[in-house]
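Below is one structure, written out as structure tokens; comments come after it.
The values are calculated or read from the model by the stated rules, or taken from the named source; none is laboratory data. Everything quoted here is computed from the prediction, not taken from an experiment. Methodologically, a virtual Cβ is constructed for each residue, glycine included, from the backbone with ideal geometry; neighbour enumeration extends over all protein chains shown. With ligands, DNA and RNA removed, areas are computed over all heavy atoms of the protein, side chains included. Shrake-Rupley method; radii C 1.70, N 1.55, O 1.52, S 1.80 Å.
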Amino acid sequence: MGALRLYAVEVGEGPPVVILHGLFGSARNWVTIARRLAASGRRVIAADLRNHGDSPHDARMDYAAMAEDVACLIEERAGGRAAVVGHSMGGKAAMVLALTRPALVERLVVVDIAPVAYRATLGAYASALRALPLRFGMRRAEADALLAETVRDPAERAFLLQNLVFDADGAPRWKPNLAAIEANMPLIAAFPELPRHARYDGPVLMVRGERSTYVRPEHYEATLALFPRAVFVTVPGAGHWVQAEAPEAFLRAVEPFLALDA
């Protein structure tokens, strides 16, 4: 199967910025940031990546496929060129897009992820969600109590439970394709092998959270080999979900980089 047509929400007018969420996220996580960026003169297109949100499901979940989906989105809805902002898994998809289809990417913002392989620890979340005994008539609070047995952090549970929706008849279901996510976790945690001389020469902003361990100094060399113009910025006090934990500091870092005359 070829590229999937991604669901996306748009706000604002001006040169386009495409936003890509992380694993278990969706475009709705970025509504506040999207509105702020739109107010600065950009047309912001926040997408649901494949197997997430309202985008189509597919058994394939590698970064080449995700990047091709985004390439088609940019060609169809952004005039063939856009700034791209990606967090975590979305940041990896954005990096692969920039490295394989550089003409589509005006500039790149990568949020708290590096072009390296990580341990596939988040697969446990997919397993925990799939194991939750959903039943007709249950409420979100009940699902939260059940999930607390395996996911102890209340903030993490709240984030994951955004993916639980209730149909018109009250039947609960998960929006993401959890089976595909769980099956593809080794690929999602990894970074794909690319052509030997792959690199993106456009401007790149690498934003990391001060309390996060995802982007470390030992990752800088690998990043600069692929993105020689990369600049690294640390957001004080933030963890992995930088844009949610410190939105004002995040915007102070990102808005000037995305400025129309930058």
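Quick notes on this one:
- Verdict on S55 being part of a helix (DSSP H, G or I) and polar (S, T, N, Q): no
- Meeting the requirement of 2 or more residues that are open to solvent by less than 20 Å² (accessible area, probe 1.4 Å) and touching a Leu at 6+ places or on another chain (Cβ under 9 Å), the strands (runs of 3 or more DSSP E) wholly within the stretch 151-253 are 204-209.
- Some residue of the stretch 92-105 being in contact with a helix residue (DSSP H, G or I) (Cβ under 9 Å, 6 or more places away or on another chain), among the aliphatic types (A, V, I, L, M), over 19 Å from G25 (Cα atoms) and not in a helix (DSSP H, G or I): yes
- Residue match in the stretch 6-24 (condition: modelled with pLDDT under 95, on the phi < 0 side of the Ramachandran plot and out of contact with any strand residue (DSSP E or B) (no Cβ under 8 Å at 6 or more places or on another chain)): no
- Search result, residues across the stretch 110-150 that are of a type outside the set (S, T, N, Q), at pLDDT below 90, within 15 Å of I181 (Cβ to Cβ) and not in a helix (DSSP H, G or I): A120, L122
- Taken over the stretch 122-163, residues that are closer than 20 Å to E245 by Cβ and either among the aromatic types (F, W, Y) or touching a residue at least 60 places away in the same chain (Cβ under 8 Å) (or both) amount to 6.
- The set of residues from the stretch 210-230 being within 15 Å of G91 (Cα to Cα) and in contact with a strand residue (DSSP E or B) (Cβ under 6 Å, 6 or more places away or on another chain) comprises V215, T223, F227, A230.
- Residue, surrounded by the most Cβ atoms within 10 Å (Cβ to Cβ), within the stretch 100-132, restricted to residues that are β-branched (V, I, T) and more than 26 Å from G239 (Cβ to Cβ): V105
- Test: residue in the stretch 167-175 that is in contact (Cβ under 8 Å) with a residue 40 or more places away in the chain, closer than 28 Å to R216 by Cβ and among the aromatic types (F, W, Y): no
- For the stretch 1-42, taking the residues that are outside any loop (DSSP other than H, G, I, E, B) and among the polar types (S, T, N, Q), the one that is least open to solvent (accessible area, probe 1.4 Å) is identified as N29.
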